[in-house]
Amino acid sequence: MAEGATLDGFTVRNVGIYDDDEWKRHYASQGEKQPYEHIGAPGVAGIAAVGVTCEIRNNIVHHVGYSGIAILGIEGKKCEPLVENNACYRNMGGGIGSMNGSRATIRRNTCFENFFAGIGHDSASPRVIDNVCYGNVRAGIGISEGSSPEVRGNKCYRNRRAGIGVRTGSGTKPLIEDNDCYENDMAGIGVREKASPTIRKNRCYRNKLAGIGARTGAMPRIIENECYENEQSGIGQMSGTETVLIGNYLHHNKTSGIGFASGKGGKSHVEKNRVIDNALVAVGINPGWTVELVGNELSRKGGLPPIVMVFAGSDVTFKSNVIRGGGVAGIRVAGTVKAEKNQFHGTSLRKVGPPNFAIWGLKGSEVTMTDNQVAGWRHALHSTEGYVSAMGNSVSKFHRAAFVIQKPASDPSVSENKVTTASPADQVCLVDGKPAAADANKLILSD
């Protein structure tokens, strides 16, 4: 393309060598054995815009031995082409590639069945708006190598990897907003290798892994997305990542609403999310994580699993959350939990049978429970062979004892709690089956 030129309505095909056997082989393996190289590696595109501002509209580009449309910035030259309403498919690179500082507008294109991503980025920051990307060997939209594009309003579905994939370095900082990512063979949106995108107001559903997934040192901000009916978590995080999750709506996923997989060095701040009616747990936190949950709604109708599971080797703070359900526990703890000013609403108090505890401390757990409101659970806290501190909590609608502690690992501290009951036989706290000292606890008899 020349500066100021327009290419409108052409078909470009068979530039270079298209290898159908190679395409099929990598499609079958989801691109796992593809060379790990920049999309800016040398090659001959079907249409190339190199260091120019031009228009590429209404073209069909297919069966090219490299990227269908390649946009390449040159230092010192303005490169802001409009790439609009093109169809790019079965190319041996990306459908559209934006590279080396280009700032194109890539709008309303359809990119499918390309050898790499439908639309790929390498050190470029274009505007990628209202495109449709499906059936590509890698991601529908791939973002890497220090790229910071604005990615809005796209539909990415049935790609062999993620709908939108982000990787390679903290300088890769795209804004990914208001996209639909669904029925992809991996995550709806996937982040890895220390990339730090802002992922906001997207809809990620019916993907074969998580709706949004982060791993290998990724640092995403995940804000106000809706993730539902994914085969694994609504939002899933693997070891070593540092995430911020704010205001997301995560529901009806096949495992957890929010999942933290085992590893080392993971950190997350989780605030004001609605995590509702996921098949197993609202939140599952495996070893190796430090997590703070503030102001979330965590609930599930029916089922026996806990609403939240905290495994050994994790350190979790719960503050001002609403935890609602009728499983074996609101929070089941094998690690360390600090719970402050939460509301625990039990929906089906069971006096006998499977456990039904607001907090269930397992062997070796450490539970600090302060200023919480608990109603409708058999016990506000049940701990066996754990460390316990419970102070200033309000408990009602329980069975026999608000706090039950068995074989404590150290002297438990249960003080200044307010327990309301209609039965004078009920106890504030039982330690190894015996009433504990009062310690300024109040047992209030109600009518």
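What follows is calculated from the coordinates using simple rules that are stated; it is not laboratory data. Everything numeric in this text was worked out from a predicted model, so none of it was measured. Virtual Cβ from ideal backbone geometry, glycine too; neighbours counted across all protein chains shown.
For region 328-447, what relative contact order do you get, as a whole percent, if you take Cα pairs closer than 8 Å and at least 6 residues apart? Relative contact order here is 20 percent.
For the chain, the Cβ-based charge dipole about the Cα centre amounts to some 820 debye (Lys, Arg positive; Asp, Glu negative; other atoms uncharged). Taking a ≥ b ≥ c as the square roots of the eigenvalues of the alpha-carbon gyration tensor, region 93-154 is classed oblate because a/c is 1.5 or more while a/b is no larger than b/c. For LYS78, the aspartates and glutamates whose Cα comes closer than 19 Å to its Cα, not counting residues fewer than 8 places off in the same chain, are GLU3, GLU55, ASP122, GLU150.
Which entry in (1) 55, 17, 17; (2) 36, 34, 18; (3) 39, 27, 20 matches semi-axes √(5λ) of the Cα gyration tensor in Å derived from the coordinates of this structure? Computed from the coordinates, semi-axes √(5λ) of the Cα gyration tensor in Å corresponds to (1). Scanning residues 5 or more positions from VAL61 or on other chains, those with amide H under 5 Å from its amide H are VAL12, ALA87, CYS88, TYR89, with H placed 1.01 Å from N in the peptide plane.
Identify which of ARG167, ARG350, ARG332 has the largest mean-square fluctuation in a Gaussian network model of the chain, with springs joining Cα atoms closer than 10 Å. Checking each option, the largest mean-square fluctuation is seen for ARG350.
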